[in-house]
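See structure below.
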Amino acid sequence: MSDRQADKDQPNPPQAGELTLEERASMTSGGDAWHLQGIRSKGIPGYMITDGPHGLRKTAATTGAVDLNESVPATCFPPAAGLSSSWNPELVEEVGRAMGEECIQEQVAVILGPGVNIKRNPLGGRCFEFWSEDPFLAGHEAVGIISGVQSRGVGTSLKHFAVNNQETDRLRISARVGQRALREIYLPAFEYIVKTAQPWTMMCAYNQVNGVHAAQDSWLLTDVLRKEWGFKGIVMSDWGADHDRVASLQAGLNLEMPPSGTDDQVVQAVRDGRLEASQLDDMAQGMIDLAAKATPAMERSGYRYDVDAHREVARQAARESVVLLKNDGGLLPLAKDGSIAVIGEFARTPRYQGGGSSHITPTALSSFLDAAGERGVDVDFAPGFTLDDQPQSPDMTQEAVEAAGRADSVLMFLGLPEQEESEGMDRTSLDLPAKQLDLLRAVAQANPHVAVILSNGSVVSLAPWRDKAQAIMEGWLLGQEGGRALADLIFGDVSPSGKLAQTIPMDLDDDPTMLNWPGEEGHVDYGEGVYVGYRYYDSFRKPVAYPFGFGMSYADFELSDVSVRVGEGNTATVTARVTNTSDVDGAETVQVYVAPGAAKVARPSHELKGFAKVFLKAGESCEVRIALDARAFAYWSEAYDGWRVEAGDYEVQVGVSSRDIAATVSVGLPGDGRSLPLSEWSTMDEWRSDPVGSRIVERMEAEGEAGRLPVLPTDNSMATMFMAAMPINSFSVLMGKDGSTLTRYLLDQYRQVPQTGGR
Ligand code: BGC
């Protein structure tokens, strides 16, 4: 039966009104820890929902999350730490389609992901599950998971809404964040995805946002999510994030997960009038509709996905997730005829995903050593160190150094052991284990031709040791096919094409959020505002180890013919030519950053607003076209309580990292024409720069010259400067009674002018 046929054959879902009050209340909590509530007699199925996000973690248990590592085999795709470096939304969508197919086979109606929280600080314990420090990139990549999964008739859960950027005290902490940072940094990835792909479900965060638990935040769940952005699906709690059923339902939370057995409280609240019956009906109806939406896919019994095809998708995704950071003398790809020492336990025991609720049981697992063996490449392997926290064994060091000394080149697999990175805890340092770095130093002395291959879910410091490595490949966490993908890159079948989705700082203490990390006494202040990641490093010209957007290739590219055409309504279109000037095939990612000219508020020096990845054979060239909408130029104004595009000049920068801009084009925009109403609290400068206000000021000055009004002091520059910055109700400070006369004149005249262009 085709999907469309299945759709047509579905009976209309029941209406909440056809259910008893008790039944409606029961729809708003789960059937068990991993199932929706079903009511068979009313034709409502209780489907399974489960993690996510980089593959399916279908557990057999019905209670809580006690058995995180026990689940049915599923393809383990690269976690977001890796996939986000692909800068390839189509690839992400392909991963999503594959995950959707696995859900159909396993009869899972909703997969719990992706998680698009911002990597505010690289110590964040779930950075490996999140996409970027940049909301534009996070939204434009992760949307592929949603559209891919949902194209298969299975739902997703965009999480964790919102401002869940750390693990420390995550169940209680209040993220104190200003409106502007919320709107520009912490919400846009959610906003973009909701508006373009309508996730079937959203998962609210554990934490509080400005003192309100996300589950009970009607501003977040109803005003912003539903009314402003037009979200049509349901919102579920994170596991255990619903602390007050009635308050949460009222705020717009449809589903408590896992169920706490408190449906009777909901029933009672409706009976007492503390919860409007219509609100419960809306929340329950969302749940009924969700089940109905999933039914066609869930009824495709006997469906089997193609395990091998999905392994190929995972391998391709892993290849594009790797970022080549350094490659002195073209050490990589390795010469086919040289002898190779492979050092590091990670080459044999790959670290391919993070710990916690996203832990997947893979359908297969390839280590780099397996992959080298499959290709018939002979390598001299020494584990070099253990993955536990035992002290370094001198014998292992000696074995590794000897292997390095015998070889033409060395591949050294370093990284963070599993226990150092997991959901539930933040890291305390960016450093790799000391014993690995000591070993690197010893190995590099024996053989300078060392390529370090890294496995880590979030940034590790590279500055202290990078001179010991001739090449560095940041492998992040690459999922089950990571070993084969690394071999494809290391041996040159494919050129690396990943770009950093996260800045690699010189030092942890350079990070702008360190002043407020991880908070204290139940709150964490987001004092850096919008200056997260490269927005800070680039605005304040701080040195970094590797900038946002950076990544090398075996191929060389040239960007040329950059032009920008301004369109209607503060929009623009960027075109550029990309040429592969080398004799190797590869891919380049053109990145567009927008830099505001003079702005009324402090704005980052530039921000990513568009990108396009292009695959070019040796010598090939193509044109890319990137559209910039009005939001690309806007900032969130707290004074206007809305987005503003100021009139003026903007720079459109086109490059291949935030610090490698090939061309800059200046464009003038008309702006949105909005202005705030003037008042007695507006300064003289504000009156003069307002179109209506300036005419009134001119009139007042003319009246002064004609002797019919007092004259503003212009005799000395100090007084003029003071007046300019003063609210007009303070003129009397400098002018006594005459000042009050002028204040009154301005306000009276202003009141008589019909207002346009205000809020
Ligand atoms: C995590 C969610 C996850 C849920 C269910 C929570 O602890 O924060 O991301 O989906 O558990 O496993």
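The values are calculated or read from the model by the stated rules, or taken from the named source; none is laboratory data. This is a predicted model, so every value here is computed, not measured. Heads up, the Cβs are rebuilt from the backbone with ideal geometry, glycines too, and the neighbour counts pull from every protein chain shown. Each accessible area value is taken on the protein alone, full model and side chains, heavy atoms only, with ligands, DNA and RNA left out. Shrake-Rupley method; radii C 1.70, N 1.55, O 1.52, S 1.80 Å.
See the values below:
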item: Of the criteria (1) touching a strand residue (DSSP E or B) at 6+ places or on another chain (Cβ under 9 Å); (2) surrounded by fewer than 24 Cβ atoms within 10 Å (Cβ to Cβ); (3) within 30 Å of V530 (Cα to Cα), which one Q107 fails; result: (3)
item: Number of positions in the range 139-165 that are open to solvent by less than 10 Å² (accessible area, probe 1.4 Å), more than 14 Å from the ligand (Cβ to nearest atom) and not hydrophobic (A, V, I, L, M, F, W, C); result: 4
item: Which numbered condition T168 misses (of (1) buried (at least 24 other Cβ atoms within 10 Å of the Cβ); (2) assigned to a loop (DSSP other than H, G, I, E, B); (3) within 16 Å of the ligand (Cβ to nearest atom); (4) not charged (D, E, K, R)); result: (1)
item: Residue within the range 264-285 that is within 15 Å of the ligand (Cβ to nearest atom) and surrounded by fewer than 23 Cβ atoms within 10 Å (Cβ to Cβ) present; result: no
item: Candidate set: the range 46-100, residues that are modelled with pLDDT under 95, in contact with a Ser or Thr (Cβ under 7 Å, 6 or more places away or on another chain) and hydroxyl-bearing (S, T, Y); chosen: the one surrounded by the most Cβ atoms within 10 Å (Cβ to Cβ); result: T59
item: Single residue of V177, V194, V108, V92 found to be assigned by TED's automatic domain parsing to the domain that holds P79 and within 16 Å of the ligand (Cβ to nearest atom); result: V108
item: Among the residues listed as I145, I185, the single one being part of a helix (DSSP H, G or I), closer than 21 Å to W517 by Cβ and in contact (Cβ under 8 Å) with a residue 12 or more places away in the chain; result: I185
item: For M700: the one exception among (1) open to solvent by less than 70 Å² (accessible area, probe 1.4 Å); (2) more than 46 Å from the chain's Cα centre (by Cα); (3) more than 19 Å from Q752 (Cα to Cα); result: (3)
item: Residue match in the range 293-302 (condition: in contact with a Leu (Cβ under 7 Å, 6 or more places away or on another chain), open to solvent by less than 20 Å² (accessible area, probe 1.4 Å), modelled with pLDDT of 95 or more and among the β-branched types (V, I, T)); result: no
item: Criterion: among the aromatic types (F, W, Y), within 16 Å of the ligand (Cβ to nearest atom) and in contact (Cβ under 8 Å) with a residue 60 or more places away in the chain - qualifying residue of F136, F128; result: F128
item: Residue among L253, L220 that alone is of a type outside the set (F, W, Y), more than 16 Å from the ligand (Cβ to nearest atom) and either open to solvent by less than 10 Å² (accessible area, probe 1.4 Å) or at pLDDT below 95 (or both); result: L220
item: Filter result (away from the ligand (no atom under 16 Å from the Cβ), farther than 20 Å from L334 by Cβ, touching a helix residue (DSSP H, G or I) at 6+ places or on another chain (Cβ under 8 Å) and not aliphatic (A, V, I, L, M)) within the range 403-430; result: R427, S429
item: Residue identified as among the acidic types (D, E) and surrounded by fewer than 17 Cβ atoms within 10 Å (Cβ to Cβ) among E528, E521; result: E521
item: Residues within the range 239-250 that are within 16 Å of the ligand (Cβ to nearest atom) and either open to solvent by less than 10 Å² (accessible area, probe 1.4 Å) or under 19 Å from S278 (Cβ atoms) (or both), tallied; result: 1
item: Positions within the range 731-756 being open to solvent by 30 Å² or more (accessible area, probe 1.4 Å) and among the hydroxyl-bearing types (S, T, Y), in sequence order; result: S732, S740, T741, Y745, T756
item: Residue in the range 376-397 that is surrounded by fewer than 16 Cβ atoms within 10 Å (Cβ to Cβ), assigned to a loop (DSSP other than H, G, I, E, B), in contact with an Asp or Glu (Cβ under 7 Å, 6 or more places away or on another chain) and modelled with pLDDT under 95 present; result: no
item: M396 vs. criteria outside the structural domain of D238 (by TED's automatic domain parsing) and within 26 Å of F77 (Cα to Cα); result: no
item: Output for the range 555-578, where each listed residue is touching a strand residue (DSSP E or B) at 6+ places or on another chain (Cβ under 9 Å), surrounded by fewer than 20 Cβ atoms within 10 Å (Cβ to Cβ) and outside any strand (DSSP E or B); result: D556
item: Single residue of the range 529-543 satisfying the filter (in contact (Cβ under 8 Å) with a residue 60 or more places away in the chain and in contact with a helix residue (DSSP H, G or I) (Cβ under 7 Å, 6 or more places away or on another chain)) that is nearest to R176 (Cα to Cα); result: G529
item: Of residues in the range 721-746 being out of contact with any Leu (no Cβ under 8 Å at 6 or more places or on another chain) and of a type in the set (V, I, T), the one modelled with the lowest pLDDT; result: V733
item: Lone unmet requirement of (1) out of contact with any His (no Cβ under 8 Å at 6 or more places or on another chain); (2) open to solvent by 60 Å² or more (accessible area, probe 1.4 Å); (3) at pLDDT 95 or above for D685; result: (3)
item: Among the residues listed as V443, V459, the single one being in a loop (DSSP other than H, G, I, E, B), β-branched (V, I, T) and out of contact with any His (no Cβ under 7 Å at 6 or more places or on another chain); result: V459
item: Residue tally, condition within 30 Å of the chain's Cα centre (by Cα) and within 25 Å of V322 (Cβ to Cβ), over the range 413-451; result: 18
item: Matching entry among P433, P417, P362 (being surrounded by fewer than 22 Cβ atoms within 10 Å (Cβ to Cβ), without any contact (Cβ under 8 Å) to a residue 60 or more places away in the chain and not β-branched (V, I, T)); result: P433
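Residues checked against (1) in contact with a Pro (Cβ under 7 Å, 6 or more places away or on another chain); (2) within 26 Å of G597 (Cα to Cα); (3) part of a loop (DSSP other than H, G, I, E, B); (4) of a type in the set (S, T, Y):
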site: G673; (1), (2), (3), (4): no, yes, yes, no
site: E698; (1), (2), (3), (4): no, no, no, no
site: L734; (1), (2), (3), (4): yes, no, no, no
site: P754; (1), (2), (3), (4): no, no, yes, no
